[in-house]
1. Specify the residue with the greatest mean-square fluctuation among A:Leu144, A:Leu131, A:Leu202, computed from a Gaussian network of chain A linking alpha-carbon atoms under 10 Å apart.
2. Quick check: pseudo-label points 7 Å beyond the Cα along Cα→Cβ at B:Leu221 and B:Met57, how many nm apart are they?
3. Rounded, prolate or oblate, given the Cα gyration tensor of region A:42-148, with a/c below 1.5 counting as rounded?
4. Percent of Cα-Cα pairs per 10 Å bin, from 0 to the last occupied bin, for chain A, please list those.
5. State, to one decimal in nm and shortest first, how far the label point of A:Arg61 sits from each corresponding label point in the other identical copies (label point: 7 angstrom along Cα-to-Cβ).
6. Leaving out same-chain residues fewer than 8 places away, which aspartates and glutamates sit with a Cα under 19 Å from that of A:Lys34?
7. Residue separation times 0.36 nm, minus the C-alpha to C-alpha distance between B:Ser251 and B:Asp117: what's the value?
8. Take B:His152 and A:Asp194, extend 7 Å from each Cα along the Cα→Cβ direction, and tell me the distance between the two endpoints in nm.
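No value in this document is a laboratory result; all are computed from the given coordinates. Everything quoted here is computed from the prediction, not taken from an experiment. Note: ideal-geometry Cβ built from the backbone for every residue, glycine included; neighbour counts use all protein chains shown.
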2 protein chains.
Amino acid sequence: MEKLTIVKVGGKIVEEEDSLDALLNDFSKIKGFKLLVHGGGRSATKLASQLGIESKMVGGRRITDAETLRVVTMVYGGLVNKNIVARLQSMNANALGLTGADMNLIRSVKRPVKDVDYGFVGDVEKVNAELLADLIAKGVVPVLAPLTHDGHGSMLNTNADTIAGETAKALSSFFDVTLIFCFEKRGVLMDANDDDSVIPSLTRSEYEAYVKKEIIKGGMLPKLENAFKVIEGGAKKVFITSASALSDPESGTVLQ
Amino acid sequence: MEKLTIVKVGGKIVEEEDSLDALLNDFSKIKGFKLLVHGGGRSATKLASQLGIESKMVGGRRITDAETLRVVTMVYGGLVNKNIVARLQSMNANALGLTGADMNLIRSVKRPVKDVDYGFVGDVEKVNAELLADLIAKGVVPVLAPLTHDGHGSMLNTNADTIAGETAKALSSFFDVTLIFCFEKRGVLMDANDDDSVIPSLTRSEYEAYVKKEIIKGGMLPKLENAFKVIEGGAKKVFITSASALSDPESGTVLQ
């Protein structure tokens, strides 16, 4: 199978002109097939505020009422996505911007209300990767916005890490998938206060030992749980590193 | 060659829930391969106004400064496009929302400044229809927003009639193309005040005779000029009718 590199970047990087251009430059130089998943939360919060819509977050997740769904559809699916696509096109990457609704790529279910009503937030149910894999094999570079659909006519706001992970798993039937999660730090750190303390590689058992010793904790736990599931779902490698290290992911943490 | 039906609908129809659902219902029932081109001007004007951005129009065309480009990218490429895509998916049409930047589908040049500086408005230069034709042949239903790109990293606001016409011409190498332009009236009228006076069919010479007699005039002239160029560019038929007559375009005016 041919190699496919999937890169997930958060909102902050794609929303500032300078960091976006640097990122896309590095991304466009990745050899072979590639796919980008992006966030856009800061721009959504900014537009919502300009429109007098309050942004309510619970545990880092955006409560998405009907008005907010309109905002994230505009910002993620339109503004951020098409800005990235147009720039990649100028860098000789044949980008194609997609949400989960396009070609029925990712169908979700509206998250059931338990303690919190998240509103129009989607939990991924099914990834239809066949047409996507075809396009990738033809040299197309998909750019995925953090939006899915419910199959009944509504878009759903969906976590970008989840989209990256589920897409990586589904595309593992067609390609040797490497997934690179970009976040603020250069990798998973032994000491949160020492940016040079990157753990170079982690197996699940090593990870669990670190968790037991409380070396790995907090926000890293769901991120790593998600990452290990991607490996267990068929991806070859998952890197956790910073966007600025995209040209050298080996300097981050690799899960395999 | 297989038949492909391209439908172009203006902003008003796609921006009201009831008329949009009726339209998409009719559209989804069109037999065989199909493609939709949509506008969205009213929503763009509304969002611009909510953001305190003035909408300046010259001869029906929007002056598109940098701020306005952000608005139309959000509204056309995000809000309107993805709303249509999600709804079509619920009607068993495998919709794929696209701008001209996606897969480098339509590259434009920023309109040169003569009497008026239209800003980030694109004049279509090249349609790359090969990947699009592939997708259509696989049953994908493209939904095109009125946006293109300049190949240098910027999106450009582009007239939806032009996009429909240029796409129809480019796809005529792959399919027997019928293009249906939907507007307010049921067809080209003999008498602008009589909605029942639809001219059933027009050749270029008949059209020119009507123009000479001033029976066809005003806003219909650029619309029909554009439509005849589509025929001359390879499309089999162009219908001019109303969105409510989509299931029976023969009740409108046919150019061939």
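1. A:Leu131
2. It works out to 1.9 nm between the two label points.
3. Numbers: a/c = 3.26, a/b = 1.45, b/c = 2.24.
Verdict is oblate for region A:42-148.
4. Values per bin, smallest distances first: 7, 31, 37, 22, 3.
5. Here A:Arg61 shows inter-copy label distances of 4.8 nm.
6. Candidates past the 8-residue exclusion: A:Glu2, A:Asp21, A:Asp26, A:Asp102, A:Glu130, A:Asp134, A:Asp161, A:Glu166, A:Asp176, A:Asp248, A:Glu250, B:Asp102.
7. In short, 44.2 nm is gained.
8. Label-label distance for B:His152 and A:Asp194, simple model: 5.0 nm.
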